[in-house]
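Trainee: One structure follows; several queries about it will come next.
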Amino acid sequence: MAEKDLSPDLAIAALLEGKSRREMMVILARLEQGGAGIYQSFAANERNEKARAALLAGAEREEQNSALLKMMTAVKDKCEKCGKALAPPAAAECCSFQCTFCPDCADNMKHVCPNCAGELTARSI
């Protein structure tokens, strides 16, 4: 099947196929940011005030989704508790939001993130 024959759902699935969770989140963050721009361009050409406001609200949600995914995939280079340098490939522990701690601090906090109460697990990059 030619790529132009793919439905939008299949095209997105093809973009994500075989990717790690982090890679999928990075791709989705970019798609969300692009979607925000599309909503904004629709809004710029919309004469109906309520429809324009709804499109701009949609753009804002897309930007928020993109920001969340970017935060959840950003690799940190120091411990958020003691400040120890943790540039990859140094061992570190992170929660789902990429709050990052050195192994000693993570042990002292019983592997629970003080920011979101999520589990701290070994960082994978």
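Trainee: Given the peptides 78-84, 89-95, 43-49, arrange them by the average over their residues of other C-beta atoms within 10 Å, most packed first.
Mentor: The densest-packed peptide leads the list: 89-95, 78-84, 43-49.
Trainee: In whole Hz, what ³J(HN,Hα) sequence does the stretch 92-108 give by Karplus (6.51, -1.76, 1.60; θ = phi - 60°), x for Gly and Pro?
Mentor: 7, 10, 9, 9, 4, 8, 6, 4, 10, 9, 5, x, 5, 5, 4, 4, 5
Trainee: Another question, then. Please list the non-local residues whose amide H lies under 5 Å from the amide H of Lys78, H modeled 1.01 Å from N, same-chain partners needing a gap of 5 or more.
Mentor: Answer set, sorted by chain and number: Leu86.
Trainee: Next up: Any chance you could check the Cα centroid distance between the stretch 83-125 and the stretch 22-55 for me, in angstrom?
Mentor: 34
Trainee: Relative to the Cα centre, what is the charge dipole magnitude of the stretch 7-125, using +1 at the beta carbon of each Lys and Arg, -1 at the beta carbon of each Asp and Glu, and rounding to the nearest 20 debye?
Mentor: Computed about the Cα centre, the dipole is about 160 debye.
Trainee: Along the Cα→Cβ direction, 7 angstrom out, place labels at Ser20 and Arg47. What is the inter-label distance in nm?
Mentor: 5.2
Trainee: While we're here: Which entry is the computed mean projected area of the Cα convex hull in nm² for this structure: [x] 9.4; [y] 10.6; [z] 6.9?
Mentor: Derived directly from the coordinates: [y].
Trainee: Going by average Cβ neighbours within 10 Å, how do the peptides 57-68, 106-117 rank, with the highest at the top?
Mentor: Ranked from most to least packed, the peptides come out as 57-68, 106-117.
Trainee: Between Glu119 and Ala90, what is the spin-label point distance in nm, taking each point 7 Å from the Cα along the Cα→C-beta axis?
Mentor: 2.6
Each reported figure results from applying straightforward, stated rules to the coordinates on display, with no laboratory input. The shown structure was predicted, so the numbers you read here are calculated from the model rather than taken from an experiment. Neighbour counts run over all protein chains shown; Cβ positions are idealised from the backbone, glycine included.
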